[in-house]
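Data block below; observations after.
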Amino acid sequence: MALKIVKTLLSIVIVFLYYLGFWTETFTLKIILFFLMVIFIFEVGVETGKKQKNSI
């Protein structure tokens, strides 16, 4: 779980660095990183939901 949170936070930071103009990359890689960020966020949400469901 902790690894999923770390990779999600790192991908969010990379995407925001791009949007703030601190980091540039090819168009294809930008799209790939954006979708990876979305997948990682979804993955953490699913794990959090499982954890909450088991604790009830």
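Results, tabulated for the structure shown:
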quantity: Scan of the range 23-34 for residues that are exposed (fewer than 10 other Cβ atoms within 10 Å of the Cβ) and either of a type in the set (A, V, I, L, M, F, W, C) or part of a helix (DSSP H, G or I) (or both), ordered by number; calculated: Phe27, Thr28
quantity: Long-range neighbours under 8 Å by Cβ, at least six apart or interchain, first residue more than 13 Å from Phe16 (Cα to Cα) within the range 26-37, second of a type in the set (Gly, Ala, Ser); calculated: Leu36/Ser11
quantity: Sole residue being in a helix (DSSP H, G or I), in contact with a Ser or Thr (Cβ under 6 Å, 6 or more places away or on another chain) and β-branched (Val, Ile, Thr), chosen from Val6, Val15, Val44; calculated: Val44
quantity: Filter pass, Gly45 being under 11 Å from the mean Cα position of the chain (by Cα) and exposed (fewer than 14 other Cβ atoms within 10 Å of the Cβ); calculated: yes
quantity: Selection from the range 8-22 of residues that are within 8 Å of the chain's Cα centre (by Cα) and surrounded by 15 or more Cβ atoms within 10 Å (Cβ to Cβ); calculated: Thr8, Ser11
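Read-outs throughout are calculated quantities, based only on the coordinates presented, and are distinct from any laboratory measurement. Since this is a predicted model, take the numbers as computed values, not measurements. Methodologically, a virtual Cβ is constructed for each residue, glycine included, from the backbone with ideal geometry; neighbour enumeration extends over all protein chains shown.
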